[in-house]
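Here is the structure we will look at, set down as structure tokens.
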Amino acid sequence: MMTTLLIVLAFVAGIIISAYLVMNYVPSFGGKLSEERMRTITRSRHFEGGKFRNLIPTAMDTSLKTNISILLDFMKGTPEGKPVRPIAAERWRPLRLQDNRSASVTWLGHSALWLEVEGKTMIVDPMLGRTPSPFPQIGGKRYRTTLSLQLDQLPPIDAVLISHDHYDHLDYGTIMKLKDNVKRFFVPLGVGAHLERWGIDRKNITELDWWEEAEFEGLTLASTPARHFSGRRLTGRDTTLWCSWVIKGEYNSLFFSGDSGYGPHFKQIGDKYGPFDLTLMECGQYDRRWSAIHMVPEETVQAHLDVKGKRMIPIHWGAFSLAMHAWTDPVERAVKAAKEKNAAICTPKIGETVVVGSGHYPSSAWWRHQHDGVIGYFSPKATHSDSTV
């Protein structure tokens, strides 16, 4: 009996030690919050009881029963959960607009976006890796991985905006390839700890609380609320903030929702910063079991109207299957809801550039008639030496 107990204790101790070593020595898990950073965080009025809180109660069912049901559903699979053929996409190269009054948006799949706003180049939530996981070899893979673009061939990037620290938005491999080509990173409170661990100088990182603004080379960048959560380690959930972003120039105004459940914050953002020429709105990876933190498409359209958006591009779909709906369900429902609410919606292919105010906004249902399009994504190896996107 004693021998058996010792074996069990040794096994449990081994698991704990292994987890500790992995969390502390595998860099993709990100960094720990320093005492200095914690002092800044605890001054936030949105931080209470050791965690950041949403503006309204946001319950998440994490019971064993619910977790088992989710696991079983993922194991069972979803009809039409992934495209059967390579996803239609455009061969993309940065447009480099000559008019410093103009703005353009290129959706790169999921929530990754390349922006050119009044002469400034920006990437939002640049997750261009194969899997939304701390280990590139493990997890649901991106729909398409054909190589077509070199990350190290991108022009200089003025700013990177991050909405929160989940793996499908903040990707270690992508950041490692981009970091030396980026002038400044803008992130919500606490997320800078991950970037610092990955070798980014703190002086090049701006961390903002909700409703705080930063002036950046003629643009106003405002961190605005979202209804979500954070965390990429076994511990420390909700100790970094999550946000949406307002990007305002002299001639253009854009809104990026980040990940969010529906809530009154959208109207508050619209009242303070709207109207917006273009909104980039979360539309995908939803389920009734986590409806408080991810909108269904009908809510996405309403949120777009709440922030006073003139035109909307639905994002957070088209790259990964992180929920049990069909892969085209988000955009189909969003288009239908937009028509019913008389909201203008734009549906570009992945890699297709939309110039704000040009009068040309793609609206074809390209996902219904797949063909061999080409777009590539960074496929990180263990050494992260592969620089191809």
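A few notes on this one:
- Gain on full stretching of the segment that runs from residue 220 to residue 76 - 0.36 nm per residue minus C-alpha separation: 47.2 nm
- Taken along the Cα-to-beta-carbon direction at a fixed 7 Å, the label points for residue 96 and residue 55 span 4.0 nm.
- Annotation: per residue accessible area for the stretch 189-244 equals 34 Å², rounded to a whole number [probe 1.4 Å, protein chains only].
- Alpha-carbon Rg with Dmax, taken over the stretch 150-283, Å: 14.7, 44
- Contour minus Cα-Cα distance for residue 365 and residue 64 (0.36 nm per residue): 104.4 nm
- Computed extension gain for residue 135 through residue 197, at 0.36 nm per residue and net of the alpha carbon distance, reaches 20.6 nm.
- Relative compactness, the stretch 193-240, computed as alpha-carbon Rg over 2.2 N^0.38 Å: 1.37
- Residue-level accessible surface for residue 276, protein heavy atoms, 1.4 Å, Å²: 0
- Of all accessible heavy-atom area on the chain, the percent that carbon and sulfur account for (1.4 Å): 55
- Mean residue ellipticity (222 nm) of the chain, computed from DSSP H runs ≥ 4 via -39,500 (n - 2.57), nearest 500: -7000 deg cm²/dmol
- Fluctuation leader among 154, 128, 72 - the chain, Gaussian network, Cα springs under 10 angstrom: 72
- The chain: most fluctuating residue of 234, 208, 170 per GNM, C-alpha cutoff 10 Å: 234
- Considering only 118, 196, 212, the mean-square fluctuation computed in a Gaussian network model of the chain, springs between alpha carbons under 10 angstrom, is largest for 212.
- Heavy-atom SASA rank of 339, 51 (probe 1.4 Å, accessible area, largest first): 339, 51
- The fraction of Cα-Cα pairs per 10 angstrom bin, counted from 0 for the stretch 239-293, comes to 21, 49, 26, 5, 0 percent, rounded to whole percents.
- Dipole of the stretch 175-229, positive end: most advanced residue of 198, 211, 223 [Cβ charges, Cα centre]: 198
- Taken about its Cα centre, the chain carries a charge dipole of about 580 debye when Lys and Arg each add +1 at the Cβ and Asp and Glu each add -1 at the Cβ.
- Accessible area in the full protein assembly, largest first, 1.4 Å probe, for 262, 143: 262, 143
- Relative contact order of the stretch 223-305: 28 percent, from C-alpha pairs under 8 Å at least 6 residues apart in sequence.
- Ratio Rg/Rh, restricted to the stretch 93-213 and using Cα atoms, in which Rh is the Kirkwood radius: 0.95
- Average Cα contact separation per residue, the chain, under 8 Å, 6 or more apart, as relative contact order %: 22
- Measuring only protein heavy atoms, the 1.4 Å probe finds residue 184 accessible over about 60 Å².
- Solvent-accessible surface of the stretch 91-167, taken per residue with a 1.4 Å probe and all protein chains present: 36 Å².
- Projecting the Cα atoms of 365, 350, 139 onto the dipole axis of the chain, where Lys and Arg carry +1 and Asp and Glu carry -1 at the beta carbon, places 139 farthest toward the positive end.
- The convex hull of the Cα atoms of the chain, projected and averaged over all directions, covers 20.4 nm².
- Computed on protein heavy atoms with a 1.4 Å probe, the accessible areas place 62, 239, 279 in the order 62, 239, 279, largest first.
The values are calculated or read from the model by the stated rules, or taken from the named source; none is laboratory data. These numbers were taken from a predicted model, which means no experiment stands behind them. Cβ coordinates were reconstructed from backbone atoms using ideal geometry, including for glycine residues, and neighbour counts include every protein chain displayed. Note: accessible area is taken over every heavy atom of the protein model, side chains too, but ligands, DNA and RNA are not part of it. Shrake-Rupley method; radii C 1.70, N 1.55, O 1.52, S 1.80 Å.
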